[in-house]
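Coordinate-derived values only; no laboratory data. Treat the numbers as computed from the prediction; the structure is a model and nothing was measured. When we count neighbours, we look across all protein chains shown, and the Cβ atoms used for this are built from the backbone with ideal geometry, even at glycine.
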Amino acid sequence: MPGQITTPVAPSLSDVLLNDLRVDTAFSVLLDIGTDAAVEIGDKRSPVLHVIIEGSIALSRPQTPAGLQLAAGDSVLAFYGDAHRLGVAAGVPAADVLVRPADACSETTTLIRLGKGPRSALVFSSAIRVDYLSPSAFAYRAAPDFWTLRARGAADQPLQRSLAFDAEQILSACGDKGGAAFATAFAGLQFVHMMRLMSLRLLEDRPLDVRAPNTRRMAQVVREIRAHPDQKWTVARLARSVGLSRSSFAAAFVTYEHVAPLTFVTRVRMDRAAQLLRTEVLSLQEVGRRVGYQNEASFARAFKRHWGMPPGEFARTAVNP
């Protein structure tokens, strides 16, 4: 059966949810959508989650204008990231709000107001990155394109019920310090809940096979690089850490991340350096040390090549935009 684990020793559902389908990163926003507005979400090639915090709204696809009617407490997962619209069909579509700017780094979850009419719905929307997602998952299409759970009217059908939450607490947490981290954790919890119920209801406790060769190893490497950008990473060291030859590792990594390993290391370091310059009061030497540069001049050169300006100027711009 397509979408079924067929390895000799199939992992448990919890193992798949904790490892293969874990949410390492998610870009989340709060959408305050007016009665005269609509939001267009483009093809993502990765899951997109919507949780209705307040009000009600329609979700439609280009080929199915009627779509779904969603109410407060409902949640919907576009597992394959198919293009869709939130809001009235006649509304003026907004630009894709889940396209993250290259230098985006926020302490809180952004609240975006759309339209001039009264509020139709307040929606928590998140573009989710699943480290193990394989191109074969798109070929199989084993999951529903849009998996919807309802808050009401399904007391006798627990496998169709959305995860309950306190709307006021969610909004407060997303808008306060650490809100972006909270939003990622909330998206992860919602995602695991929905994937668990999908597996229990549709696949009879058999998890979706969404893994590709070497993706577990590559995801492990990516997590280590992100967690420790200050380490002296080399291709040989990274390859040894996952038991692959240097050439096999480099090829697998490019397939997984679409960039060479050390290019990815630099990108992670520069993203982390930019975050530190925006949010911390640190010397340039200390920022460089925290992202793997013992020499301040080397750090400054690398930073300017990546961001187009010296780190000192970047820090001043962040303080006084």
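Put in line by how crowded their Cβ is, counting other Cβ atoms within 10 Å and starting with the fewest, V222, V235 read V235, V222. Residue exposure proxy: K304, K232, K44, ordered by other Cβ atoms within 10 angstrom of their Cβ from fewest to most, comes out as K232, K304, K44. For L282 and S241, the FRET efficiency from 1/(1 + (r/R0)^6), where r spans their Cβ atoms and R0 equals 25 Å, is about 0.30. Shown for H84, H228: other C-beta atoms within 10 Å of each C-beta, ranked fewest to most, produce the order H228, H84. Only one residue of F299, A227, P261 has its Cα farthest out toward the positive end of the dipole of the range 215-319, where Lys and Arg carry +1 and Asp and Glu -1 on Cβ, and that residue is P261. Taking amide H as placed 1.01 Å from N in the peptide plane, A72 has its amide H under 5 Å from the amide H of G55, each at least 5 places away in sequence or on another chain.
Excluding residues fewer than 8 places away in the same chain, name every one of the lysines whose C-alpha is closer than 16 Å to that of K232. Partners found: none. Here r is the Cβ-Cβ distance between M309 and R201 and R0 is 56 Å; the resulting FRET efficiency, rounded to 0.05, is 0.60.
Under 5 Å from the amide H of W233 lies no amide H of any residue 5 or more positions distant or on a separate chain, with H modelled from the backbone and absent for Pro and chain starts.
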